[in-house]
1. With the crude spin-label approximation of a point 7 Å out along Cα→Cβ, what separation in nm comes out for residue 10 versus residue 85?
2. Which ³J(HN,Hα) values in Hz, rounded to whole numbers, follow from the phi angles of the range 82-87 under the Karplus curve 6.51 cos²θ - 1.76 cosθ + 1.60, where θ = phi - 60° and Gly and Pro get x?
3. Could you calculate the FRET efficiency of residue 67 with residue 44 from 1/(1 + (r/R0)^6), where r is the beta carbon distance between them and R0 is 25 Å, rounded to 0.05?
4. How large is ³J(HN,Hα) for each residue in the range 22-30, as worked out from phi by the Karplus curve 6.51 cos²θ - 1.76 cosθ + 1.60 (θ = phi - 60°), to whole Hz, x for Gly and Pro?
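Derivation of every value follows stated rules applied to the coordinates shown; laboratory data play no part. Treat the numbers as computed from the prediction; the structure is a model and nothing was measured. Neighbour counts run over all protein chains shown; Cβ positions are idealised from the backbone, glycine included.
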Amino acid sequence: MEFNRNQYFMAGLLVFLLGVQFRAVETFVLNERSTQFLAERVQAWRQPQMASAGSLPAMVAATSGANHRVNPPKWLGWALVSVGSVLILHSLSLKKPGG
């Protein structure tokens with residue numbers, strides 16, 4: 001599947017706006033449900049496939065009541081803005097679909 005001009009433009013616009021969002025926000029605070037989901041995924045990634053039953057209550061107790069904060073690095077916003085800008089400019093250099 002080959003991307004056309006409109007698809008490059010849309011992808012560039014989304015990446016650009018995501019970069020602007022990362023530049024505007026300093027910290028993301030996750031709610032309890034997403035904090036629990038993140039803790040489960042990190043625990044499964046760090047542990048072997050066979051997790052012990054004793055580690056589950058400790059993991060649930062450690063994540064209950066505290067919301068996780070995500071601090072994206074400053075360079076991430078600039079990188080996404082740059083990549084989005086390049087994709088938008090590239091889309092403008094392509095020929096129009098159907099023409």
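1. Going by the 7 Å Cα→Cβ label model, 2.5 nm.
2. 5, 5, x, 5, 5, 5
3. Numbers: r = 20 Å, r/R0 = 0.82.
Calculated value: 0.75.
4. Going residue by residue, I get 5, 6, 7, 9, 8, 9, 9, 9, 7 Hz, with x marking Gly and Pro.
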